[in-house]
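Peer 1: What follows is a single structure, and I will ask about it in a moment.
The values are calculated or read from the model by the stated rules, or taken from the named source; none is laboratory data. Model, not experiment: these values are computed from the prediction. A quick note on method: Cβ atoms are made from the backbone with ideal geometry, for glycine too, and the neighbour counts reach across all protein chains shown.
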Amino acid sequence: MAGIAEVIYQTIIRRNAIFLTSIFTGAFAFEIAFDSASNKIWDTINRGRQWKDIKPMYLNKADDEDEDDE
């Protein structure tokens, strides 16, 4: 375990600029991963209830009604 800690210290924590860059990069990557996972879960739970799911039904109805009017 001490070997891993030494490697982490030598590569990341030793220099402040690299340490801060790794923190910001990690936070950004975590944000993207968390947002993607949250959206995927939300879309799975609410499948068929969102506008993106029901939009084709309404557009097809509107197109059919327009054709009937002509």
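Peer 1: Of the numbered conditions (1) modelled with pLDDT of 95 or more; (2) more than 10 Å from the chain's Cα centre (by Cα), ALA33 fails exactly one; give the number of that condition.
Peer 2: Here ALA33 clears every test but (2).
Peer 1: Identify, from the list THR44, THR11, THR25, the residue that is in a helix (DSSP H, G or I), surrounded by 11 or more Cβ atoms within 10 Å (Cβ to Cβ) and free of Cβ contacts under 8 Å to residues at least 40 places away in the same chain. Show your work before the answer.
Peer 2: Numbers: THR44 fails: surrounded by 11 or more Cβ atoms within 10 Å (Cβ to Cβ); THR25 fails: surrounded by 11 or more Cβ atoms within 10 Å (Cβ to Cβ).
Answer to the check: THR11.
Peer 1: Only residues that are of a type in the set (A, V, I, L, M, F, W, C), modelled with pLDDT of 95 or more and over 30 Å from VAL7 (Cβ atoms): list them for segment 36-70, please. It would help to see each step written out before you state the result.
Peer 2: The initial filter retains those residues of segment 36-70 that are of a type in the set (A, V, I, L, M, F, W, C), namely 37, 41-42, 45, 51, 54, 57, 59, 62.
With modelled with pLDDT of 95 or more added as a condition, the list becomes 37, 41-42, 45.
Answer for segment 36-70, where residues must be of a type in the set (A, V, I, L, M, F, W, C), modelled with pLDDT of 95 or more and over 30 Å from VAL7 (Cβ atoms): ILE41, TRP42, ILE45.
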